[in-house]
1. If you go through region 130-148, how many residues are without any contact (Cβ under 8 Å) to a residue 40 or more places away in the chain and either in contact with a Lys or Arg (Cβ under 9 Å, 6 or more places away or on another chain) or buried (at least 18 other Cβ atoms within 10 Å of the Cβ) (or both)?
2. Taking the residues in region 99-141 that are of a type in the set (Val, Ile, Thr) and in contact with a Gly (Cβ under 7 Å, 6 or more places away or on another chain) as candidates, determine which candidate is nearest to Val46 (Cα to Cα).
3. Against the definition (among the acidic types (Asp, Glu), more than 15 Å from Leu17 (Cβ to Cβ) and touching a residue at least 12 places away in the same chain (Cβ under 8 Å)), how does Asp86 come out, yes or no?
4. Would you check which residues across region 150-177 are open to solvent by 20 Å² or more (accessible area, probe 1.4 Å), modelled with pLDDT under 95 and in a helix (DSSP H, G or I) and list them?
5. May I ask you to verify whether Ala126 is surrounded by fewer than 21 Cβ atoms within 10 Å (Cβ to Cβ) and modelled with pLDDT of 95 or more?
Amino acid sequence: MSVKPDAVFVPLNIAVLTVSDTRTFETDTSGELLASRAVGVGHRLVARELLKDDLYKIRAQVATWIADEQVQVVLITGGTGFTGRDSTPEAVDCLLDKRIDGFGELFRALSILDIGTSTVQSRALAGMANGTLVCCLPGSTGACRTAWEGILVEQLDARHRPCNFVAHLKPIGLCESRG
């Protein structure tokens, strides 16, 4: 990681949503990976939910977090496949002010090393909404690890250069770190 020498780490407020018709909190290894990795590097887990794959319930939860002044990042795992029940991208896309096209492109480029051409079926996406970064990831733990290690750990770090997402987020963490 390229780090600006005088930059400081800014802890972010992160919400994790798992979308699954079969998982429980006890069996949710993907949501747990995202939550533990975020906390492990110094961010704050401010909410964690698990919902069935229902477009309107997903949309309502994400919209609530986007409107919440305390949530800066929403990480969603699951519901990005091609089955009739997979509706996370459709639930989230209309909520975004701006899409971050490079997120899905980079995720697929990284995941080709693990899953080969099956990566073309990934509908991973990200965007900004009301100063909140929203990332939609596949439900597999391996895919969440790929996204965290290959993209998120650096892009959620204010020290990463030449740019990162922190400067575009609601300034909750910045205010708290000054006090």
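The values are calculated or read from the model by the stated rules, or taken from the named source; none is laboratory data. Just so it is clear, the model here is predicted, and its values are computed rather than measured. So basically every Cβ, Gly included, is an ideal-geometry build from the backbone, and we count neighbours across all protein chains shown. Only protein heavy atoms, including side chains, enter the accessible area calculation; ligands, DNA and RNA are left aside. Shrake-Rupley method; radii C 1.70, N 1.55, O 1.52, S 1.80 Å.
1. Residues meeting the conditions: 1.
2. Val134
3. On the way: among the acidic types (Asp, Glu): yes; more than 15 Å from Leu17 (Cβ to Cβ): no; touching a residue at least 12 places away in the same chain (Cβ under 8 Å): yes.
So Asp86 fails the test.
4. Correct list: Ala167, Ile172, Leu174, Cys175, Glu176, Ser177.
5. It is false that Ala126 is surrounded by fewer than 21 Cβ atoms within 10 Å (Cβ to Cβ) and modelled with pLDDT of 95 or more.
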